1. Are there any helices in the chain, counted as whole DSSP H runs, that stretch 24 Å or more along their axis by Cα and score at least 0.5 on average by Kyte-Doolittle, and if so which?
2. Mind checking which of D78, D326, D67 has the largest fluctuation in a GNM of the chain, springs on alpha carbons under 10 Å?
3. Could you give me D for the chain, from Stokes-Einstein at 20 °C and 1.002 mPa s, where the hydrodynamic radius is the Kirkwood radius over C-alpha pairs? Units µm² s⁻¹, please.
4. Sort 181-190, 116-125 for me by packing, meaning the mean count of neighbouring Cβ atoms within 10 Å per residue, highest on top.
5. Give the longest segment of the chain that steers clear of trypsin sites (Lys or Arg not before Pro) in DSSP loops with at most 15 neighbouring Cβ atoms within 10 Å, not counting the sites themselves.
6. Could you work out the helix-only [θ] at 222 nm for the chain, with each DSSP H run of four or more residues adding -39,500 (n - 2.57) and the total divided by the number of residues, to the nearest 500 deg cm²/dmol?
7. Can you tell which of W106, P190, G13 lies farthest toward the positive end of the dipole of the chain, using +1 and -1 charges on the Cβ of basic and acidic side chains (Lys, Arg; Asp, Glu)?
8. Any chance you could check the Cα centroid distance between segment 112-177 and segment 1-53 for me, in angstrom?
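Throughout, read-outs are computed from the coordinates displayed, never taken from laboratory work. Every value quoted in this text rests on a predicted model; they were computed, and no experiment measured them. In this analysis, Cβ positions are derived from the backbone assuming ideal geometry, glycine residues included, and neighbour counts consider all displayed protein chains.
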Amino acid sequence: MKLTAKWMIWFIGIGLYVMALGGVFYYNLFKWTFDEKLKLDIIDTVKIYGQNLRDGLLKNPRVITFDEYGIMESLSKDERITSVIYLNKSGSIRWHREARFINVSWGEFTKTMPTLTDAIGQAVQGKTAKVRPVSKQPFYEIAIPLTVNGEIVGIIDLLVSRASSDLLISSAMKKYVFGALGVLFLLGLPFYFFFHHYVVSPLEILSEAIDSISFKTFEIRFPPKNDEIGVVAGSVSNLLIKLKTELENVSKKDKRYREAEEKWWRSVLMTTIPLNQYVIVVDENNNVLYANFELAQGMDAKNIHLLDVVDSQQQNLLRIVGQAFDSPGSVVEGETVFKGENLSVKVLHIGDSSEVSRTLILFYPKQAY
């Protein structure tokens with residue numbers, strides 16, 4: 001997988017992970033904010049009518065006034081409010097959407113309609129508005145006591161739907177998702193161009209430069225850069241310099257070794273081979289290491305192949321050489337034509353490995369019988 005694809009996957013993965021964490025945080029923040037706003041709005045709405053309601057309760061504790069009736073109708077028409085129960089000081093229902101419950105005591109009412117929460121009891125006990133979530137239902141029960149000189153004269157119990165709050169939360173989360181994706185895109189676009197321009201493109205250029213390295217000069221053509229990629233290019237260049245030095249040293253050692261070996265063969269064979277005999281020594285690649293006679297065109301034995309000295313049509317000689325290769329360490333004898341003479345030949349192949357081996361070919365006059 002390319003570096004760009006990996007970067008994109010990591011960037012998108014990390015971006016989505018951050019978005020998810022942010023989504024959890026903002027969801028809870030939105031939920032708390034809009035829920036609190038919903039509760040406070042309902043309580044503030046009731047507080048607006050609080051003085052009129054207290055006046056009505058003090059004026060006639062048992063029968064609701066027209067002013068109170070209008071307030072109750074207004075509250076019941078609020079789309080956020082599902083039900084309204086208006087209680088007087090004695091605990092009788094002063095107003096309910098269903099007329100059959102009016103003037104019914106709270107105890108009798110709860111036998112027919114069980115309470116959803118303990119909001120009313122807590123409000124009476126604390127003499128302050130209490131909000132309780134309804135278990136497993138999208139509602140809040142809000143009980144608001146009406147007090148005069150610290151004494152409760154009535155209570156309004158409201159069942160408030162959280163649907164409007166959930167709708168606002170859903171809308172806010174959609175805006176968050178679109179906004180987060182937009183931010184991710186706006187951040188990713190410059191990051192991608194930066195990454196591509198300063199990382200991917202230089203790496204591609206470096207790769208092409210490495211592929212085009214000449215092993216004659218051991219140089220890498222890459223523009224100098226003062227960053228990590230420039231450091232890598234410099235390391236490659238240093239490696240090439242070391243490699244060139246090592247190869248030159250190996251070449252020099254090999255040359256010195258071959259020169260020493262040639263001198264050794266020359267010394268040994270000059271003292272053991274008579275002048276009327278010809279000898280050729282070749283290496284594992286059948287390049288001539290030494291010959292005790294002048295080669296074609298006045299050339300010495302350096303960088304000359306055996307086939308440059310021996311005619312490839314001399315099948316008998318090539319057969320004898322092949323037999324010597326098959327039997328290393330054993331002398332194979334035969335007859336052949338060399339330099340226009342019918343000569344006897346001995347071939348000795350030394351070396352069990354194809355990497356380092358030597359073959360000695362000796363031509364000598366036939367013996368008279």
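1. On the way: long enough: 3-59 (82 Å, 0.42); 163-195 (46 Å, 1.32); 228-272 (65 Å, -0.51).
Within the chain the helices that satisfy the rule are 163-195.
2. In this elastic network of the chain, the residue with the biggest mean-square fluctuation among D78, D326, D67 is D326.
3. On the way: Rh = 31.8 Å.
Using the Kirkwood radius from Cα pairs, D works out to 67 µm²/s.
4. Sorting 181-190, 116-125 by mean packing, highest first, produces 116-125, 181-190.
5. Numbers: sites that count: K2, R62, K77, R97, K127, K136, K216, R221, K302, K339, K366.
Free of exposed loop sites, the longest segment is 222-301.
6. -17500 deg cm²/dmol
7. The residue sitting most towards the positive pole is W106.
8. For segment 112-177 versus segment 1-53, the Cα centre distance is 22 Å.
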